[in-house]
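Have a look at the structure below, then the notes.
The values are calculated or read from the model by the stated rules, or taken from the named source; none is laboratory data. Keep in mind that this is a model prediction, so the values were computed, not measured. We place every Cβ from the backbone using ideal geometry, glycine too, and count neighbours over all the protein chains shown.
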Amino acid sequence: MRMFFLALAALLPSAAIAAPVGYSLTIITAYATADPFPNRIDNVYTQPTTGYFEVENTGSTVFTGTVDTIAVSAFAGDLSFGSRVITLTPGQAVSVAIPDNAANVGGFNGPAYFARPGIEILLHGVLGNGTVSENVALQVADADIHSGVFRTDRYGLTSDSFVLQGGDPWGFDSGSAYGLSQTYGTYTFEQNVPEPAPWMLLALPLLGMLAVRRRN
């Protein structure tokens, strides 16, 4: 029995280092006449209407890293964005605008007027709680950021995503009124910290007793 607990004690430090820290980072997308979110971190030119997104730290750990986009449009070239290194403590948020007007550049990341992923949002950095940290590389496309409200545009295409490019999944311009009437899209990157196994909770006090006996 003693050998079992000694072996367990040897494993505990490495298990603690490898354990996930847990996080929650929420992306919200909008198509609007002005940035509806706080703390914009880019300075690109925008037309009276375009797409915007917010990244909010909705967890209890701290994110330090970059907020980037892959946004190669069919007609206007590469509109991608790369941020400086930022820090988001719990509850903090930043926002980014899509250059020009994201609804009239033929869609993003593929040939015009085909099904494509749309603008992709990337979060690269470190999440930590002051004791342990975890490297993350998170990525989501406009196609996968859903509003939950399905609508059909004037081209007969139905979707509840692609909010950043005006709501049309193939990159057609459905008009400002259609784009502005969208419900915001939401996507959350989330990782929960697993609860310790019951046998671990029982073993820890015994390990403490064993350590006291060894010192004595």
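Residue pairs whose Cβ atoms lie under 7 Å apart, separated by 6 or more positions or on different chains, with the first residue in region 155-171 and closer than 20 Å to residue 100 by Cα and the second among the acidic types (Asp, Glu) and part of a loop (DSSP other than H, G, I, E, B), are 162/168; 166/173; 167/153; 168/153. The numbered conditions (1) surrounded by 16 or more Cβ atoms within 10 Å (Cβ to Cβ); (2) assigned to a loop (DSSP other than H, G, I, E, B); (3) in contact with an Asp or Glu (Cβ under 8 Å, 6 or more places away or on another chain) are all true for residue 173 except (3).
Regarding residue 117, is this residue surrounded by fewer than 16 Cβ atoms within 10 Å (Cβ to Cβ) and either out of contact with any Pro (no Cβ under 6 Å at 6 or more places or on another chain) or at positive phi (or both)? Reasoning before the result, please.
Values: surrounded by fewer than 16 Cβ atoms within 10 Å (Cβ to Cβ): no; either out of contact with any Pro (no Cβ under 6 Å at 6 or more places or on another chain) or at positive phi (or both): yes.
Considered against the rule, which asks whether it is surrounded by fewer than 16 Cβ atoms within 10 Å (Cβ to Cβ) and either out of contact with any Pro (no Cβ under 6 Å at 6 or more places or on another chain) or at positive phi (or both), residue 117 comes out as no.
Within region 111-121, is there a residue that is basic (Lys, Arg) and either part of a loop (DSSP other than H, G, I, E, B) or under 19 Å from residue 46 (Cβ atoms) (or both)? Yes, region 111-121 has at least one match. From the list 64, 87, 69, pick out the single residue that is assigned to a strand (DSSP E or B), crowded, with 17+ Cβ neighbours inside 10 Å and of a type in the set (S, T, N, Q). Selected residue: 69, the only one of 64, 87, 69 that is assigned to a strand (DSSP E or B), crowded, with 17+ Cβ neighbours inside 10 Å and of a type in the set (S, T, N, Q). When every residue of region 189-203 is checked against the conditions, at least one turns out to be surrounded by 15 or more Cβ atoms within 10 Å (Cβ to Cβ), at pLDDT below 75 and not assigned by TED's automatic domain parsing to the domain that holds residue 59. Is there a residue being in contact (Cβ under 8 Å) with a residue 60 or more places away in the chain, more than 16 Å from the chain's Cα centre (by Cα) and farther than 17 Å from residue 52 by Cβ anywhere in region 82-102? No, region 82-102 contains no residue that is in contact (Cβ under 8 Å) with a residue 60 or more places away in the chain, more than 16 Å from the chain's Cα centre (by Cα) and farther than 17 Å from residue 52 by Cβ. Among the residues of region 22-46, the ones that are in a loop (DSSP other than H, G, I, E, B) and in contact (Cβ under 8 Å) with a residue 12 or more places away in the chain come to 11 in all. Residue 137 - would you say it is over 21 Å from residue 35 (Cβ atoms) and part of a strand (DSSP E or B)? So residue 137 passes the test. As a summary of the residue check, residue 149 satisfies the conditions (1) under 14 Å from residue 23 (Cβ atoms); (2) in a loop (DSSP other than H, G, I, E, B) except for the one numbered (1).
Pick from 103, 97: which is in contact with a helix residue (DSSP H, G or I) (Cβ under 6 Å, 6 or more places away or on another chain), modelled with pLDDT of 95 or more and crowded, with 20+ Cβ neighbours inside 10 Å? Explain how you work it out, then say what you get.
Values: 97 fails: in contact with a helix residue (DSSP H, G or I) (Cβ under 6 Å, 6 or more places away or on another chain).
Just a single option satisfies the conditions, and that option is 103.
Taking region 56-89 as the range and being under 24 Å from residue 168 (Cβ atoms) and either outside the structural domain of residue 166 (by TED's automatic domain parsing) or aliphatic (A, V, I, L, M) (or both) as the test, the residues that pass are 70, 71, 72, 74, 76, 79.
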